[in-house]
Structure formats: structure tokens, C-alpha cells
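Nothing in this text is a laboratory measurement; each read-out follows from the coordinates by a stated rule. Please read these numbers as outputs of a predicted model, since none were measured by experiment. All Cβ positions, glycine included, derive from the backbone under ideal geometry; neighbour counts span all protein chains shown.
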Protein chains: 2
Amino acid sequence: MPIYQAPLRDYQFILSELLSIYDQTELAGFDEIDPELTDAILQGIADFTTDIMLPLNASGDLEGCQLKDGNVITPKGFKEAYQQYIDDGWATLTCDPEYGGQGLPEVIGTFATEMKTATNMAFAMYPGLTHGAYSAIHVHGSDALKQKYLAKLVSGEWTGTMNLTESHAGTDLALLRTKATPVADGKFAISGEKIFISSGDHDLAENIVHLVLAKLPDAPEGVKGISLFAVPKFHVNNDGSLGEANQLCASALEHKMGIHGNSTCVMVFDGAVGELVGEPHQGLKAMFTMMNQARLGVGIQGLGVSDIAYQNALVYAKERIQGRALSGVKQPQQAADSILVHGDVRRMLLSQKSFNEGTRALMGQQALWLDQAERHSDPVKAKQAAALAALFTPIVKGFVTDQGFKACVDAQQIYGGHGYINEWGMEQFVRDIRIAMIYEGTNGVQALDLVGRKLLSDKGATLTLWSDMVKGFIGEHSNNDAMKPYLAGLMDAATDLEKATGFIAQSAAKNPDMIGAASMPYMQLFGISALAWMWARIAATSIAALDAGTDESDFYQAKLNTAEFYMRYWGCQTRSLRKQVEMSSAQIATFDEADF
Amino acid sequence: MPIYQAPLRDYQFILSELLSIYDQTELAGFDEIDPELTDAILQGIADFTTDIMLPLNASGDLEGCQLKDGNVITPKGFKEAYQQYIDDGWATLTCDPEYGGQGLPEVIGTFATEMKTATNMAFAMYPGLTHGAYSAIHVHGSDALKQKYLAKLVSGEWTGTMNLTESHAGTDLALLRTKATPVADGKFAISGEKIFISSGDHDLAENIVHLVLAKLPDAPEGVKGISLFAVPKFHVNNDGSLGEANQLCASALEHKMGIHGNSTCVMVFDGAVGELVGEPHQGLKAMFTMMNQARLGVGIQGLGVSDIAYQNALVYAKERIQGRALSGVKQPQQAADSILVHGDVRRMLLSQKSFNEGTRALMGQQALWLDQAERHSDPVKAKQAAALAALFTPIVKGFVTDQGFKACVDAQQIYGGHGYINEWGMEQFVRDIRIAMIYEGTNGVQALDLVGRKLLSDKGATLTLWSDMVKGFIGEHSNNDAMKPYLAGLMDAATDLEKATGFIAQSAAKNPDMIGAASMPYMQLFGISALAWMWARIAATSIAALDAGTDESDFYQAKLNTAEFYMRYWGCQTRSLRKQVEMSSAQIATFDEADF
């Protein structure tokens, strides 16, 4: 069975040293957190995920979910584990205290999520979806709706789902057909079929709150005619007790490549009664306000699964003996050297490690921006943080899951043939994480969001805000000789990004289809540059700690060595990505359909 | 169910126009082939694979193999399909006429293999392994062994396997423990356990010839102490009839990520009686003489599965409607445009298409080199062709399966959520083809073989042979203005390859571990350059056809457009790969183990 070591020291480093979250006095509620509290919470989650969730990961994959007599049964052990999860209060971390939450910042919740997805992605999706439903109702629901649902969703006693996709309508929700017809008491009867509904039905909780996109009879055409409804599995009486079953069911389980432990359902709503969340026809807006958070959650899956895959590949590389180093025997006491002596195994591991640690820092930064957007006392700064979080959302979702998937494939590769069989768990990581590149908006949609919506819609204002931060950082450290290699790598990446951005801005006027054609290499270029920024900051923080005479010099020196590798290995890719943007976009946009 | 259109026109183009196989009068037996014969054979295989093999691909994956009472049962329909396969004579194509084969060249057999692996990779592995066993005995077996086994292996009445791996010994076969003890009649009793044995047991044929690596009692240490044995499932009487069962069995089926239709077994040999193939202690040499052919076969899997994935993704992209083109509505009669209007979908498809078609041409070239090595009347040219085939073997195996896997992941991505569920077949392609990066030597081993064995062992002589061919081609076409963009792309790639090669040659002296660290980006750089060479040749051939006033100008113009895309999109990557080689190899080689 795969092992897992929660990266607690890395969390401390990021929270305390890199992001200085204990000094964020202008953020409401941050005065209530301190290192002891954070450590205790993260240690608690580390224990729960390692002891309870991890042992159910392989068995959940093997057993999968079953649909019996209209009810979904989750794999053995999931029910008990979920009960303990809510009993321990882990569901409540970042929720509103008014409804029983602990009000902790996103920057802590994000790392809790990383450990959950690393150890059992399929299981983690049940509370993950619940949190999404909680957020939608919390931000957009009426007071009555909040009173009805929030406390139960916060505690985890009830779970939630998102019902968006229909078989013919995925990316393009304007096409959806599910109907909402007004009935008595201001309620609506929902009818239609939804597919790919994660956690759609299960036996973990006594009720499920389905958030469903549907069209009202007077709906305008297109995406401006979609409304959001809260539709419970069981009706809720006025006293909060459960009433009769609603007119909905899971008609089938999807047969998937991975995440078998999560019940991905086809949901049929047959006049199921629900209530409007937010304004009529504003359903997509309601969904989109949660998007930055939800997409961060998917990105975290990319990181979490990539990290556990790395941890296991490293253990295997140290233990597996096979062949000898090219430079001569390294472990003469053994019949062969460990495969960690082989350059290509080292290359794969270093690529994964530098990606994971850089990404973890970026995830922390992104979560902190979300916290600042919500909690900063200065509305200008809150707005800037919201804009930065929006700009980086496609990066933390699209770039991170693309590269996280590749990292898992590399980790599997280190196991050779053993990586291809179920027994070692590596092939499950690859199958599970593959979905993260697809759901919550495919990565192609993320790339288009980055280029079409985030870059061009504000004429690059937010990008400039960020690149000024990068330039400011470079200026601040330019007199420090120790920082030179890291600053050089960061500058190279930033230059390529700037040029590619300029090209795209010009292309937009010439032929808008070029934007789509350029979007994916551009997103990868942006992502590599973003991690270069994080690694340069990690280097600066580590140099400062070493200069101050830390007694953990090994930790900081390893960070510096990894930062150097990142700049040398990942940094080399920005030039080609920029060239792809510049060289191929026009031809891609205009390639004759008959020639495919 | 996925569709498949055998790329017959492309085969004609490659065989007749690009490689001019009908003019290879110096190759023994090539005078017997003509376009009519080739077309008939390839059409026959196209029909068989599309009508018989393809319909069993998804069901074979779903059902898998079962081990019952010590015997493996293949999925429903496999037995009948296999019987038809041998009845139709498809097993015999490239085999020696002395044993009932048709003696056709590898360059035709290779494309037959492509269609088989495209439509049903798991099924195709049964005859694939058989062909490997045939080759080993054909090249290294005694006359008695040939008489005993070859005719049955050629006809496909009996099948074959390769038993190399043990649980602790994969890449490093020197570690293997299976023992061979002399018994009566010059035979040997084989004892040991082998894992990951493709087609290890099944119900398709009445006998199975296991080729098993084992150590004789007097074996020297290491890889020079390994012998190869032919060990039949059922003993063969002197009259050719089958005798008693041998002391061996499939003790378990491996639980794998994919290729479920192939019976991958744990094989236990418990004093099973077998005969030596070749000389004692020369077993690895015997295996390695087949390696160029076997690795080409695995590379063909990368191409075949990538191509069927592309074909289906293209159909889906044309039929699936979702959203509108950024440049405005393209299909106003529909509620949305087909997703082929979206730049990133086009980018993925063009990346796959240009990879597939370029790779198909390269596979043809590689197979022709193998034919030349075996059949050329001029021994110098035969030797050169053998050296070139050896140099390119890691490319056609390692580079092609790495990129073929990525192409399948992209094809799956085009389906969005539908790509993640079993129903559409795309996720199976990804799971199936993943093994090709691992077996027959992991791709890391391929990269090391390229850099350590192929490049450095002859001090670059074979590489120079090839780069002189490239330079000769460039010189030959440098006065043709129409060829300019293609020659420029080829020259850029060749320059990066030359510089990276120089760097590696210098590194080898400084620190041999740098070779391993540099090997993977170097192999990718080499592969992209090799395809640039093929695309430049395809462009030259297409320009000539257009200049000659072909009545298929659409076909040739599409080739030119795809060649242009290849140079623009893939060509951009060589610079970064060279930089990775130069910038990161030293650090990877020396990175402190404690810092991982």
C-alpha cells in the first residue's frame, strides 16, 4: 500500500515564512490564528487522512460504488470513515461560524484539502462537493434557504452536489434542457437528466442537497436564461426534520477510468421540488462566484495526488535495486545499486519534486489572495487580491492538473512494470487524477478563460499588477549576489511571458481564433513563470534563514538546490512555449477542415 | 464504439512514393512484391482488423481474462477471431517460406501490425509474442528445434511467449534466479517464477512455446551467465503430436491498468523440461538480436493506438456542438458550432495528426532498414542499414510511445467528460497504450540505450551516417524555393541535435552519470528531429507530385500543410530540449540524495 507523509514542515514554511500569514493583521479573523493552532489542525488532518482515508483508497478503487434498488452504496469503510470525519469536525474548518463553522482562512483549508485529496481523492470529493454547495447557498441563497441547509452542510450531516452537465451540454451550458416549472409556495418542479454528477447519491449522509441548473419557462435564450435551484433528496420539514423523498433518483452509475470510490451518477429529476438560489436567470453567475474556489480545489487535487505519487516513487527508487550507476558501483554491499543512481530516475523525481513544492507555495498564495479578497480591511486591496486570484485561477486549475498528471505518469514510470499493475497503487493515481484535467471546466477552457477573459477583458491591467510585483521582487533582491541565479531564471521566464502576451494582444485584433489556438502553450508558459516566481521567493526566504543562522540548514539548502533545478530544467521550457504561441497560432486557426 | 479507417492511402504513399520499395531491386525477394499484391494484403488486414478485431476491443477490456482451474480463458470472441486469423493466413506474412511463411518484407508487415494494434492491442499481442518466439528460434535455434516448432509458430497454430522478468529482476536481468538443470537427452529442467508474462496462458491455441531466460549450474555471474530455453506447455512427440503437460503453469493473472484482453500471467516453472536455444550463457544475446524488431513492434503500438484515438477524436470534434467560434458563429443552422472551430481542439488534433503521419513514415523507414540489413545484396549497405536501424530503435520505441501516449491523452481530452467514461472507448486507449512506455525496456532504458550504447559506443559514426543523409537531402533541395520552410525547420532541429550531441560527448568524460541525466530530453530532441526529416521528405515528395500535375492535389496539399504545422509546432521544442540537456544534466547527476 502506498505510504504518505503529510508535508507539515513545508506547510509551516509556506504559511509562516513565505506568506507571513500571522502578520496579516488587516485580514479579518487572522488575529485569531497562530502557529500552534495551525499546527494542531494540520497535524489532526494529517493523522486522519493517513490513518483513516489512505487505507480506503485502493479498496475503494477496487470495489467501487454499487447502485442497488435505486440507492448507491459506497465502498466498504467509507460510511464509518465519513462519520468519523464529521464527528471530528473536519468538515467545518473554513465555514462561517454563524452556521457552526470554524471560520478559518482558506490558506489553511487549502492545505487540509491537499492532504485529503492526496490520500483518497474519491473520498475527499464527498466533502468537497458539499463545501461547494455550502458556498453557493451561503453567498446567493435567501435567509430562509440558509437557515434550512447551511448548518447541516457545514457539519457534514448532509452533503451537496452540483448538477450542471447534460449529455449534450457540458462546456456550453446554454444548451441545457432541464426545466423548472413554478409550483406552490414559490417553489419549482425540476425535470431533466443530468450526467457526471459526483457524489450524486450515496449512503454517507441522511440527506443530499442537489444544486441544479435549469431553465424557467420565461427564460431568455442562452446562458442568461439559466437559474440555480436547491433540490433536496428528502424534503425538509419546517422543524428541520426530514420528510418524504423528492422526485429524483440516481438512474445509473457512470463507468469511469478512475475515482471509483466516488459515486458519479446519472441523476433524473422528475418534477422534483426545489427552491431558487439567487435571482432567476442568474444561475451561471451564482455558479461562477464559487468558481475561483472550486477550481483551486481541483488544482489542489493535481498537487495532492502528484505529491503522494512522488513520495512513493522516491521510496521505491531508494529501495529497488537494479543495475549499476554509469559512474561505477555505488552500493557494493548489494547485488545492484538502487535505481536512484540512474540519471533519468533522478530527472523524473526532481521534476516532480520541484513542481510539487513550487505549486504548494503557489496554492498558498492563491488561497491567501482569496482570503484577502474576502477579509481585507482595505477595499482596494481586497479588489486587487480578487483580481489576482481570478487571473491565477486557470493556472492553479489548468496548468497544475496538466503537469500534476504528467508527474503521476512519471512516478508510475519509475516503478517499471510494477507501475502498471494495481497492486502498487501507482496506476490508480494516474487514473484518478486524469479527471482533474477535465472537470470543473476542461483545461482547454481554462486556457481560453486565461487568455480570452482574464488577460484581454481588462486590457492586461491585472497581469500588469502581477508583473509589477515580479519586477518589484527582482529589484528588491538584485543587489544580493546569492539571488542571482534565481532572479536570472525568473527574468527569462517573465520576458518570454511578456512577449507571448504582446503577441496574443496583437493577434486578438487580427483573428480572434488565434487566441484559442495560442491559449494552451500560453497557459503552460504562464504557469512555469508563476512557479519561477514562487521558487525565486522561496530562494530568497531560504537565503535569509541561512544568513540568520538557522539550525535547519539542511531544509533550506535543499530548497535552494531545488530552486536551482527548477530554473535549470523547467525554466528551459518557456522559450519553446513562447515560440509555439508565435509560430503556430495563425496556422492552427486557419487550417482547412478538409485537411484534418 | 470507436470507428477505424485503415490508413491505406497513407501506406501506398509511404511504400511507393516516399520509400520507393518497388525499386529496391538489390533487396532479395523485393522483386516479388508489387503494388497490387501489397494493396491486396493491406486491404485484407484492414478488413480483418476492422470487422473482426475492433468489435472485440471494448468487450475484451471489460471482460478481461479469467484463470479457472489452472487454465486461462480469454474474453468472449477471442478464440473464434484467432482461429479466423490463422485460417486466413495473416500470421504467416513476414515469416520464412521454408516453414510456411510468405516471406514478405518487414516494411509491409509493420503496417499490418499497425492496423492490428490500432484495432485491438490486447488481441494483437498474442500473435505479436508468437512472432517474437518464432524469430528467436529461427535465428538461434538448432535445426531440430526449428523443425519442432517453427511451422506451428508460423501458422499460428501454436503461440509463443517471452519469459524474462522476475519480481526482483526487470531491467537488470543479471539478478534473475530461475534455474536450468541438465536432465536426459541434452534437455534441461527449468525452475523459477516469472512475472508480467504476456499471453502466458490462454485458450487460443493447443500449445504454447515459452522462451525462458534461466541460469545453468555453471553460469558465470551477471548477464553473461543467462541462457535461453524453449519450454513447451505440452511436450511434443517425435511425430509432432502433443504429449503430456509440462511442469509449468500460470499461477495468477496480473491485475493491470489496461490490455485486459491479453492474459498477462505469473508463470511458475517447476522442473519444466525445455531445450537450449542458441549457446549456453548466450541467452541475452539471443534476445537482443530480436530487440530491434520487437521494439519496433512496441513503437508501432504507440502509433496504432494514437492513430485510432485521433480518428475518433476528429469525428467527435466534427459532430459535437458546443459554444461558438471566437471569430463569430460558423454554423448558424445549429444551436452551437462544432468544437472543431475551437483553437485548442484544433491544436490537439493537429499535434496528433502531424505526429501520427510523420511517425508512420519513420516506421516505414525503420522497417525498410531492417529489410535492407537482412536482404541487401551489398554487405556494406546491409551493415549500414543495420547500424541505422539499431540507432533508431530507441527512437521508434521510446520517443514514439511517449508521444503516442500523450496523443491519446489529448484525444481523450477532446471528449471532455465523455472521454473519462468507458462508453466511448477513449480512456481504454490511454490505459492500454500506457504499457508501451514500460515493457520491452522502459523508455528511460531506451534513452540510455540511445545515448550510452548507440551514440557513444561507435563514437558517433552511425549518427554521422544519418546526419550526412540529412545534410545530403538539404543540399539536394536547397535550390527549390517551395522547400524552404521545411528545410529551415529541419536545419533548426538538426543544429540543436548536433549541439546536444556534442555536449553529451564532452559530459561522458567529465561525469558519466550526466549521460543518464541528459538521456530523456536528448531522446525527445532526436525523435522530433527524426520526424522533421521525415516531414521534409514527405514535403519534397508531395511538391514533386503536385508539380507533376497529380489528380489528387488535395492529398498532397494536406501533406504540405501538415508538414508546415509540424515544423512550426513540434519544431519549436528542440531548442528547449537542447537547453535542458545542457543546463540540468550536471545538477541532476550530482543532486544530493538527502535533498530529494
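Annotation: lysines with alpha-carbon distance below 17 angstrom to A:Lys148 (same-chain offsets under eight excluded): A:Lys187, A:Lys233. Of all beta-carbon atoms in chain B, the one sitting closest to the axis that brings chain B onto chain A gives B:Ser576, 2, with the distance in whole angstrom.
Taking every DSSP beta bridge that has both ends in the stretch A:159-280, the antiparallel portion is near 85%. Gap in Å between the Cα centre of the stretch A:298-327 and the Cα centre of the stretch B:224-255? Their Cα centres are 37 Å away from one another. Within the stretch B:55-105, which trypsin sites (Lys or Arg not before Pro) sit in a loop by DSSP and count at most 16 neighbouring Cβ atoms inside 10 Å? Here the sparse-neighbourhood loop sites are B:Lys76.
What does the charge count around B:Ala122 come to, taking other residues whose C-beta lies under 9 Å from its C-beta (Lys +1, Arg +1, Asp -1, Glu -1)? So the surrounding residues net to -2.
Starting from the stretch B:13-51, pick out the GluC sites (Glu not before Pro) whose DSSP state is loop and whose Cβ has at most 14 other Cβ atoms within 10 Å. Those satisfying the criteria are B:Glu26.
Across peptide A:351-359, the average count of Cβ atoms from other chains found within 10 Å of a residue's Cβ is 1. Rounded if a/c is under 1.5, else prolate if a/b is larger than b/c, else oblate: which is the stretch A:319-438, with a ≥ b ≥ c the root eigenvalues of its Cα gyration tensor? Judged from the Cα gyration tensor, the stretch A:319-438 comes out prolate (a/c at least 1.5, a/b above b/c).
May I ask for log10 I(q)/I(0) of the protein assembly as shown at q = 0.09 Å⁻¹, from a Debye sum over the Cα atoms as equal point scatterers with solvent left out? Debye curve over Cα of the protein assembly as shown, log10 I(q)/I(0) at q = 0.09 Å⁻¹: -1.13.
Protection proxy ranking, highest mean first, for peptides B:311-321, A:396-406: A:396-406, B:311-321, where packing is the per-residue count of other beta-carbon atoms within 10 Å, averaged. Placing a label point 7 Å from Cα along the Cα-to-Cβ direction at A:Ser241 gives distances to the equivalent points in the other copies of 8.2 nm, listed shortest first. Gyration tensor over the Cα atoms of chain B: the corresponding equivalent ellipsoid has semi-axes (square roots of 5 times the eigenvalues, largest first) of 39, 29, 25 Å. Phi angles of the stretch B:186-200 translate, via the Karplus equation with coefficients 6.51, -1.76, 1.60 and θ = phi - 60°, into HN-Hα couplings of x, 9, 9, 9, 9, 9, x, 10, 10, 10, 6, 8, 4, 6, x Hz per residue; Gly and Pro are given as x. Distance from the alpha carbon centroid of the stretch A:346-398 to that of the stretch A:128-198 works out to 28 angstrom. Among B:512-518, A:86-92, B:245-251, the peptide with the highest mean count of other Cβ atoms within 10 Å heads the list, and the full ranking is B:512-518, B:245-251, A:86-92. A helix-only calculation puts chain B at -17500 deg cm²/dmol for mean residue ellipticity at 222 nm, using -39500 (n - 2.57) for each DSSP H run of at least four residues, averaged over all residues.
Here is how far apart the A:Asp547 label points are across copies: 6.5 nm, shortest first, using a point 7 Å from Cα toward Cβ. Shown for A:Asp31: label points 7 Å from Cα along the beta-carbon vector, and their distances to the equivalent points in the other copies, 9.9 nm in ascending order.
Peptide A:516-525 shows a mean partner chain C-beta count of 4 within 10 Å per residue C-beta. The label point for B:Asp23 and the one for A:Lys285, both projected 7 Å from the Cα toward the Cβ, are 7.0 nm apart. Loop-located GluC sites (Glu not before Pro) in the stretch B:243-310 (DSSP state other than H, G, I, E, B) with a sparse environment of at most 15 neighbouring Cβ atoms within 10 Å are absent. Rounded, prolate or oblate: which one fits the stretch B:450-595, using the alpha carbon gyration tensor with axes a ≥ b ≥ c (rounded when a/c is under 1.5, else prolate when a/b beats b/c, else oblate)? Here the stretch B:450-595 falls in the prolate category. Considering only alpha-carbon pairs that sit under 8 angstrom and 6 or more positions apart, the relative contact order computed for the stretch B:1-288 is 19 percent. Using a/c under 1.5 as the rounded threshold, could you call the stretch B:145-257 rounded, prolate or oblate? The axes a ≥ b ≥ c are square roots of the C-alpha gyration tensor eigenvalues, and prolate needs a/b larger than b/c, oblate otherwise. Here the stretch B:145-257 falls in the oblate category.
For the segment A:400-413, counting C-beta atoms of other chains within 10 Å of every residue's C-beta and taking the mean gives 2. The separation of the stretch B:1-37 from the stretch A:36-68, counted between C-alpha centres, amounts to 56 Å.
The order of A:His131, B:His168, A:His260, going from fewest to most other C-beta atoms within 10 Å of their C-beta, is B:His168, A:His260, A:His131.
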